[in-house]
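Scroll down for the structure; my scribbles are underneath it.
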Amino acid sequence: MKKKKQWRSFAFFVLPGFLGISGFMLLPFLDVIRRSFTAAATGRFVGGDNYARVFENQAFWLAVKNTARFTAVCLPLLLLLGLFCAMLLSDFAQAQFWKSVFLLPMAMPSVTVAMIWKMVFSKGGFLNRFLGASIDYMGTGASFWVLVFSYVWKNLGYTVVLWLAGICSVPKDTTEAARVDGAGWVRVWIFVRLPQLKGVFYTITVLSFLNTFKSFREAYLVAGSYPQEKMYLLSHLFNNWFAALELDKMSAAAVCLALVLLIFVLLFFALFQRGEEA
Amino acid sequence: MKAVFRRGKQIGLTLFRIVLLALPGVFMVLPVLLLLSGSIMSAQELSDYFRPLWEDTGDYIGWRFLARYPVWDHYVRLLFFTPPFLNAFWNSVKLTAAILLSQLVLSVPAAWGFSVYRFRFSRFLFLVYVVLMLMPFQVTMLSQYIVLNGIGVMNTHLALILPAAFSTFPVFLIYRGFRDLPRELLEAGRIDGAGEWDLFIRIGLPLASGNVLAAGVLGFLEYWNMIEQPLAFLEDLSLWPLSLYLPADAAGQEGIAFAASVILLIPAIFVFLLGRDYLEKGIVASALKE
C-alpha cells in the first residue's frame, strides 16, 4: 500500500479515539508536569519546591512504605497461590467449574465486600468467633493483613486462569517425551513446564501489580479516608490531597508515581522481550 | 486387580484435589450465601445477630443460613419506598451503558487501525496506549480533573463517561482479537476494489465480535463497581451510582444493606454467568504477549 494512503486510513480509524485520549490524558498530563513546577495559588515558577515538599511529607513516606510492603507481600503470595491452584486444576475434568468459583469475587461489588469484611473482621466478628479471640483486626496492625487477604481473594481467579492458559499451551508431546525418558511428576513440572511459563509470569506480575492500586476501594469503604495507619496507601494519600485541593503537591506526586510506574512497565517489557527470545 | 488399584488411586487423587481446591473455594462462595440469607431475615433477627458487632458485649456475631421467618420486607422497602435507591440504580445503568457503548464505537475501529496498518509510528502509538492502559486512576485523576473542570462538566455524569469512553484497555483487548488476521484476504479484497471501510465492515467486525464481548464483560464488572471516579468528580449525592449507595450507618439498617447488596450483585452475577467464557477469554487476551 502507498505510504500516504496507509497514513490516511490509519488516521481515519484511530483518530477519533486518539483525539479524546490526547484531550483527556496526554495533554492534561503535560499540564500536570508544568504545574508540578509552579505554585498552585500564584502560578509562579518555583523550581523543585513542590517535589521537596512531597519528599518532606510524613504521610507520603508512610503511604510509600505501606504500598511497597503491600506489593512485596501480595505479589509473591498471589503468584504462588495461583500457580498452586492452576497445577491442581491442570488435566482436571472439573477445571471449568472451579475456575468459575475462583472468578466469582471479580463480580462482587466493593461495597458488598466491605460490608462482609466488617462482619468477619470486627471485634465481635466471625473470625474471632472461630478463633475464640477478641482482636479488633481493623484497628490494629492486623488491618494490613486484612487488606492482603482481600486482595488475594479478589485477584486469585484471573491469576489461576492465566497460569492455566499458560500451562495448557505447553505442547503435550514435550511433557510426554520427558515422561518417557523417565522424568517423574515433579521433574516434568520443574524442568519442562515452568520454564515455558515465563511469558505468563511477566503478564500476571504486571497486571497484579497494577491491581494493587485497586485495593483502595475495599480499604476506603471499610475504613474511610483515614484508616488504621498500616492500611494507609498511596491511593488514600492522592485522594486526601485531591479532597483538600493541594494540587501542587499532588501534581508533583503524580509525576513521580507515573515515572516510577513507567520505568517499572518498560523494564518488565524489556525483560519480557528477552525472555521470549531465549 | 491392578486395574482396580489404579482406579482407586485415581479417585483418591481426585478427592485430594477437590479438598485442596475447596479450601480457598469456600471463601469465594460464602459471601454470596451470606448476603442472600441475610437479605430475607427480619430486622429483629438481624439485630439479634448483629448486636455484638455494634455494641461491645464481648459476644460474637451469630448466623443461620435459613432465616427463622423469611421476609421480603427489605426488598419491598428498597424497590417501592426508597426513591434514592432506585435513582442510584438508574444512575448506574445509565453510566455503565453509556460508557460501554461509547467504548465500543471508539475502540473497535481503533483496534482495527492498529492491526491492519503497521508502520513505525502506529507501533509506537500502540505502546503509548498500552502504557496508558496500565496507569492507575490516581495518576490520571488530576489530569482528568483539570480538563473536566475546564469544560465545565464537573459534578455531572459526563465527568465519568467522557474519560472512561476513551479508555485504551478495550482497544488493546480487541486488537488482540485481530492477531490472526488473514492478511492475504485483505490484499485480495483490495485487488477486487473493496475500500478500506468495506474491509473493516466485512472482515473486521465479524472477527472482532468475540473480543468485543470479552471487553464488554470486563468493562461491565469494572464500571458497575465504579468507586474512585464518582467519589472524586461527583458532589451531588443524587448523581451517585449504586456502587456507592449503602445506608450511611449500617446499625439497624442491616436488612436494607443486604437487600441493596443483592440487587447490586444480581446484574454482575448475571453478566458473569452469561459471559463466563468471554470473561476468561478476555483475561487471557489481556496477557501482554505480542
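Assorted remarks:
- Residues of the stretch A:176-210 classified as within 14 Å of chain B (Cβ to nearest Cβ) and out of contact with any Phe, Trp or Tyr (no Cβ under 9 Å at 6 or more places or on another chain), total: 3
Residues checked against (1) more than 12 Å from chain B (Cβ to nearest Cβ); (2) of a type in the set (Phe, Trp, Tyr):
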site: A:Lys123; (1), (2): no, no
site: A:Ser134; (1), (2): no, no
site: A:Ala142; (1), (2): yes, no
site: A:Val146; (1), (2): yes, no
site: A:Phe149; (1), (2): no, yes
site: A:Val152; (1), (2): no, no
site: A:Val160; (1), (2): no, no
site: A:Leu164; (1), (2): no, no
site: A:Thr174; (1), (2): yes, no
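- Boolean, B:Ser107 is at pLDDT 90 or above and within 26 Å of A:Leu262 (Cβ to Cβ): yes
- Residues in the stretch A:17-75 that are within 9 Å of chain B (Cβ to nearest Cβ) and touching a residue at least 60 places away in the same chain (Cβ under 8 Å): 3 in all.
- Applying the condition of being under 18 Å from B:Phe137 (Cβ atoms) and among the aromatic types (Phe, Trp, Tyr) to the stretch A:221-267 and asking which residue is surrounded by the fewest Cβ atoms within 10 Å (Cβ to Cβ) yields A:Phe264.
Quick grid of which residues meet (1) under 26 Å from A:Val206 (Cα atoms); (2) within 10 Å of chain B (Cβ to nearest Cβ); (3) in a helix (DSSP H, G or I); (4) not hydroxyl-bearing (Ser, Thr, Tyr):
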residue	(1), (2), (3), (4)
A:Arg217	yes, yes, yes, yes
A:Tyr220	yes, yes, yes, no
A:Tyr226	no, no, no, no
A:Leu237	yes, yes, yes, yes
A:Trp241	no, yes, yes, yes
A:Ala253	yes, yes, yes, yes
A:Ala258	yes, yes, yes, yes
A:Leu262	yes, yes, yes, yes
A:Val265	yes, yes, yes, yes
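- Filter result (assigned to a helix (DSSP H, G or I) and of a type in the set (Gly, Ala, Ser)) within the stretch A:13-38: A:Gly17, A:Gly20, A:Ser22, A:Gly23
- Of all residues in the stretch B:153-165, those satisfying the criterion of being out of contact with any Pro (no Cβ under 8 Å at 6 or more places or on another chain) and either crowded, with 24+ Cβ neighbours inside 10 Å or aliphatic (A, V, I, L, M) (or both) are B:Val153, B:Met154, B:Leu158, B:Ala159, B:Ile161, B:Leu162, B:Pro163, B:Ala164, B:Ala165.
- Filter result for the condition that a residue is without any contact (Cβ under 8 Å) to a residue 60 or more places away in the chain and in contact with a Ser or Thr (Cβ under 6 Å, 6 or more places away or on another chain), over A:Phe238, A:Phe269, A:Phe242, A:Phe216: A:Phe216
- Enumeration of residues in the stretch B:37-65 that are at pLDDT 85 or above and over 18 Å from A:Ile116 (Cα atoms): B:Ser42, B:Gln44
- In a residue-by-residue description of the stretch A:120-135, the property of being within 15 Å of the chain's Cα centre (by Cα), in a helix (DSSP H, G or I) and either buried (at least 17 other Cβ atoms within 10 Å of the Cβ) or not small (Gly, Ala, Ser) (or both) applies to no position.
- Selected residue (only one of B:Tyr69, B:Tyr75 is away from every other protein chain (no Cβ under 14 Å) and assigned to a loop (DSSP other than H, G, I, E, B)): B:Tyr69
- Those residues of the stretch B:130-152 which are surrounded by fewer than 21 Cβ atoms within 10 Å (Cβ to Cβ), closer than 14 Å to A:Ser22 by Cα and not hydrophobic (A, V, I, L, M, F, W, C), in sequence order: B:Thr140
- Looking only at residues of the stretch B:42-57 that are within 13 Å of chain A (Cβ to nearest Cβ) and touching a Lys or Arg at 6+ places or on another chain (Cβ under 9 Å), we find that the one that is farthest from A:Ala133 (Cα to Cα) is B:Tyr49.
- Residue match in the stretch A:162-178 (condition: modelled with pLDDT of 85 or more and under 16 Å from the mean Cα position of the chain (by Cα)): yes
- Of all residue pairs spaced 6 or more apart or on separate chains, those with beta-carbon atoms under 6 Å, a first member in the stretch A:180-198 that is within 19 Å of A:Thr159 (Cβ to Cβ) and a second member that is in a helix (DSSP H, G or I) and modelled with pLDDT of 80 or more are A:Leu197/A:Gly166.
- Residue count for the stretch B:257-290, restricted to those that are more than 8 Å from chain A (Cβ to nearest Cβ), within 19 Å of B:Pro170 (Cβ to Cβ) and in a helix (DSSP H, G or I): 6
The values are calculated or read from the model by the stated rules, or taken from the named source; none is laboratory data. Predicted, not measured: the structure shown is a model, and the values here were computed from it. When we count neighbours, we look across all protein chains shown, and the Cβ atoms used for this are built from the backbone with ideal geometry, even at glycine.
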